[in-house]
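The structure appears below as structure tokens.
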Amino acid sequence: MLIAPIVLPIEQRAALEAAYATPPRPYHNMRHVDAVLEHYGDLASGPGWTDAAEVFVAVLYHDAIYKAGRKDNEARSAELAIAHIARWLPDAGIDVVRVAELINLTARHGQLTPTDFGNDARSLDSRHFLDCDMAILGAEPSAFDAYDRGIAAEYRGHVPAFVYRLNRRRFLKKLLGRERIFLSEFFHDRFDAAARSNLRRAINEKR
């Protein structure tokens, strides 16, 4: 059971949920946040977090602003997190610079390698945080397939279908071709094999 390091005020929680509902999203919604929080809890019970509060808030807000095809979703989500902290949690001691840094890192999914990070505890937090968000790649096939369909639905109407299929297959192939899909040992050991199986299947289905 997850023990949250911070409890959001009711008004802040409502504002956060409203953000995730605008526009309605098949995948990048509060259910996704809850799934990432499960992995956050697993880390808390295992290796642990150095910046537990900051990572927790970053998980809550990392996709708060999301519109398929936009390049500034992460930056705008970070800005919203900072604004909400200033309004509702000004005395909680949260490092807003660190929260924003973590959220903005999610714009680089699929581009980073473990060597892009240092060996200090905060760098390990960053790798674990990003892996929490990408753990869906190593989920059960039915959950992975629901994720894949959800992403496709979010892009429908924003990108021509053939362009989406081409770019999506290219992205999945790039992930599969990486020496390390996950940035940390914790997630690599648990999810690498399943992630590669899911990715191979999805790539073949998109031919």
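The values are calculated or read from the model by the stated rules, or taken from the named source; none is laboratory data. Just so it is clear, the model here is predicted, and its values are computed rather than measured. FYI the Cβ positions are ideal-geometry reconstructions off the backbone, even for glycines, and counts take in every protein chain you see.
Laid out as a table, the results:
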| quantity | calculated |
| --- | --- |
| Among (1) under 17 Å from the mean Cα position of the chain (by Cα); (2) closer than 22 Å to His158 by Cβ - the single one Pro24 does not satisfy | (1) |
| Filter result (under 11 Å from the mean Cα position of the chain (by Cα) and either assigned to a helix (DSSP H, G or I) or modelled with pLDDT under 95 (or both)) within the range 96-132 | Leu102, Ile103, Asn104, Leu105, Thr106, Ala107, Arg108, His128, Phe129, Leu130, Asp131, Cys132 |
| Subset of the range 152-166 [touching a helix residue (DSSP H, G or I) at 6+ places or on another chain (Cβ under 7 Å) and closer than 27 Å to Glu38 by Cβ] | Ala152, Tyr155 |
| Residue match in the range 99-120 (condition: of a type in the set (Lys, Arg) and either surrounded by 13 or more Cβ atoms within 10 Å (Cβ to Cβ) or under 13 Å from Phe187 (Cβ atoms) (or both)) | no |
| Among (1) outside any helix (DSSP H, G or I); (2) at pLDDT 95 or above; (3) out of contact with any Gly (no Cβ under 9 Å at 6 or more places or on another chain) - the single one Arg25 does not satisfy | (3) |
| Residue count, the range 37-84 (criterion: among the β-branched types (Val, Ile, Thr), crowded, with 22+ Cβ neighbours inside 10 Å and assigned to a loop (DSSP other than H, G, I, E, B)) | 1 |
| Subset of the range 167-189 [touching a helix residue (DSSP H, G or I) at 6+ places or on another chain (Cβ under 8 Å), among the charged types (D, E, K, R) and not in a helix (DSSP H, G or I)] | Arg180 |
